[in-house]
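Working notes for the structure below.
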Amino acid sequence: MTVAEASKAEANTVEANTAEADNKACIEFKPGLEGIPATKSSISYINGQKGILEYRGIPIQQLASGAGFLETAYLLIWGHLPSEKELVEFEYEICHHRRIKYRIRDMMKCFPETGHPMDALQASAAALGLFYSRRALDDPEYIRAAVVRLLAKIPTMVAAFKQMRKGHDPIQPRDDLDYSTNFLYMLTEREPDPLEARVFDVCLILHAEHTINASTFSARVTASTLTDPYAVVASAVGTLAGPLHGGANEEVLNMLEEIGSVENVRPYLNSCIERKAKIMGFGHRVYKVKDPRATILQDQVKKLFEKLGQDRCYDIAVELEKAVEEKLGKKNIYANVDFYSGLVYRKLGIPKDLFTPIFAIARVAGWLAHWKEQLAENRIYRPTQIYTGAHNAPYIALGDRSSQSPS
Ligand code: CMC
């Protein structure tokens, strides 16, 4: 065989192998990676058929009725419920790291006031990495400090941007207030009623973790490169911002306002179905029954409205849930967590565009748990792809290209 024939034979073998690999990948390819395990994890568990959600094996209902958000965060991140001493220390540390550096505040002041708070949060979370840049991923103290800083400072950054975009100074965190009370205080400069703070804390618990969803996957991919935890959280925040993920709760309120009245619910729904438009706050990749978090939240909404008065959108929401169940229940489309969370936040006086940043405040706990888990058994993510483009395409010199341009 000549050299030319040998190299042609080799090229054919490579091509055949590539084609075979592509075909194999083709058989296994699932858009959106639906049903493909991307990791092993002991952090949370969902049974979508039965509507079960557990954090470290504990049913979400038990945590929502008995635990606090920071206790839940501890459970997720360190893998066990804290003792009283461990919890007190954890809360103390977080309480004393709530303030953000003046230079971060100054940077945030330069953000356009019309910018979305999720973009502001993503940029600010990434900026933390500039100040705490040591990357000692095998040092437990570094890990602990990063966990504490992120849990402590993200709420302060969300509240600070809310003030600064109106030209006001941020409201300083108060060490005498617990996590949720302090956050609501920083938003409004008003100490919330204990029921408001508790309902908000429950919302944080419900949003803290949810297996390998898009933002958590994004966090794990970023973590797998061994970058710093601030980059991990910033990349997850960017992923959470989209309307098919965390952004849905904001869209739910827009939709309820657009519907405007109980009478308009069914015509609105019919028109969505005709146009094949998604109804925000419904459907889930994993749950084929009502999201258990939505059921817990609905209870919280009721408690809040009993104390603080009704919300005009609540009746519309209840009617819409009924109508969607009638029309789309056969396709397993039911309310998800985002359907009721917006109603809670609005009752607490929180502006709509902060709903997703609040989701992020809670989900930081889950992202950090996944960051730690990823580091414990790391392999950089590097999936494959199915190439669908051309091969051996000619390079056409710039001056000769016009005739090749698509019409
Ligand atoms: N309204 C109307 N139809 C829907 C909806 C919905 N909200 N969700 C799914 N469907 C239909 C969809 O049109 C499709 O029908 P068909 O088979 O006839 O084409 C079928 O159900 C399957 O939908 P899909 O989009 O392929 O399902 P998915 O698993 O890819 O999407 C989802 C899951 C959450 C992205 C989707 O349900 C959705 O876009 N919901 C609205 C946005 C939303 O509420 N997002 C928050 C999710 S919960 C918070 C979180 O965990 O992030």
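The values are calculated or read from the model by the stated rules, or taken from the named source; none is laboratory data. Since the structure is predicted, the reported quantities are computational estimates derived from the model, not experimental observations. Note that each Cβ is placed from the backbone with ideal geometry, even for glycine, and that neighbours are counted across all protein chains shown. We work out accessible area using only protein heavy atoms, side chains counted, and drop any ligands, DNA or RNA first. Shrake-Rupley method; radii C 1.70, N 1.55, O 1.52, S 1.80 Å.
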Practice task
Might you let me know whether segment 285-295 holds any residue that is among the acidic types (Asp, Glu) and within 30 Å of GLY115 (Cα to Cα)?
Solution key: no
Handout entry: All positions within segment 113-142 that are outside any helix (DSSP H, G or I) and open to solvent by less than 80 Å² (accessible area, probe 1.4 Å)
Key = GLY115, HIS116, TYR132, SER133, ALA136, LEU137, ASP139
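Here is a yes/no grid of residues against (1) closer than 28 Å to PHE29 by Cα; (2) open to solvent by less than 90 Å² (accessible area, probe 1.4 Å):
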site: TYR334; (1), (2): yes, yes
site: TYR340; (1), (2): no, yes
site: TYR345; (1), (2): no, yes
site: PRO351; (1), (2): no, yes
site: ALA360; (1), (2): no, yes
site: ALA365; (1), (2): no, yes
site: LYS372; (1), (2): no, yes
site: ARG382; (1), (2): yes, no
site: ILE396; (1), (2): no, yes
Handout entry: Subset of segment 267-320 that is out of contact with any helix residue (DSSP H, G or I) (no Cβ under 9 Å at 6 or more places or on another chain) and of a type in the set (S, T, N, Q) - its residue that is most open to solvent (accessible area, probe 1.4 Å)
Key = GLN310
Fill in the blank from the handout: Checking HIS96, HIS80 in turn, the sole residue that is more than 30 Å from HIS284 (Cβ to Cβ) and surrounded by fewer than 13 Cβ atoms within 10 Å (Cβ to Cβ) turns out to be HIS96
Practice task
Kindly indicate whether any position in segment 378-396 is under 13 Å from ALA208 (Cα atoms) and touching a residue at least 12 places away in the same chain (Cβ under 8 Å).
Solution key: no
Handout entry: Condition check for ALA145: of a type in the set (A, V, I, L, M, F, W, C) and either open to solvent by 40 Å² or more (accessible area, probe 1.4 Å) or in contact with a helix residue (DSSP H, G or I) (Cβ under 8 Å, 6 or more places away or on another chain) (or both)
Key = no
Completion exercise
Residue pairs qualifying under the 6 Å Cβ cut-off, at least six apart or on distinct chains, with the first in segment 259-275 being closer than 11 Å to GLU319 by Cα and the second being open to solvent by 60 Å² or more (accessible area, probe 1.4 Å) and in a helix (DSSP H, G or I), are VAL262/ASP315
Problem - Scope segment 276-320; condition among the basic types (Lys, Arg), within 10 Å of the ligand (Cβ to nearest atom) and not in a loop (DSSP other than H, G, I, E, B); matching residues - result: ARG293
Practice task
Being within 27 Å of the chain's Cα centre (by Cα) and free of Cβ contacts under 8 Å to residues at least 12 places away in the same chain is the filter here, so list the residues in segment 308-321 that pass it.
Solution key: VAL318
Completion exercise
Looking across segment 235-254 at residues that are in contact with a Leu (Cβ under 9 Å, 6 or more places away or on another chain) and open to solvent by less than 10 Å² (accessible area, probe 1.4 Å), the single one that is farthest from ILE316 (Cα to Cα) is VAL237
Exercise for the section: Can you give me the number of residues within segment 32-80 that are in contact with a strand residue (DSSP E or B) (Cβ under 8 Å, 6 or more places away or on another chain), under 24 Å from ALA145 (Cβ atoms) and part of a loop (DSSP other than H, G, I, E, B)? Expected result: 2
Exercise for the section: Name the residue, out of SER215, SER180, that is in contact with a Leu (Cβ under 6 Å, 6 or more places away or on another chain), in the same structural domain as GLU71 (by TED's automatic domain parsing), buried (at least 23 other Cβ atoms within 10 Å of the Cβ) and not β-branched (Val, Ile, Thr). Expected result: SER215
Exercise for the section: Kindly check whether there is at least one residue in segment 193-203 that is under 26 Å from VAL148 (Cα atoms) and under 16 Å from the mean Cα position of the chain (by Cα). Expected result: yes
Handout entry: Filter result for the condition that a residue is modelled with pLDDT of 95 or more and farther than 24 Å from ALA126 by Cα, over LEU204, LEU177, LEU150
Key = LEU177
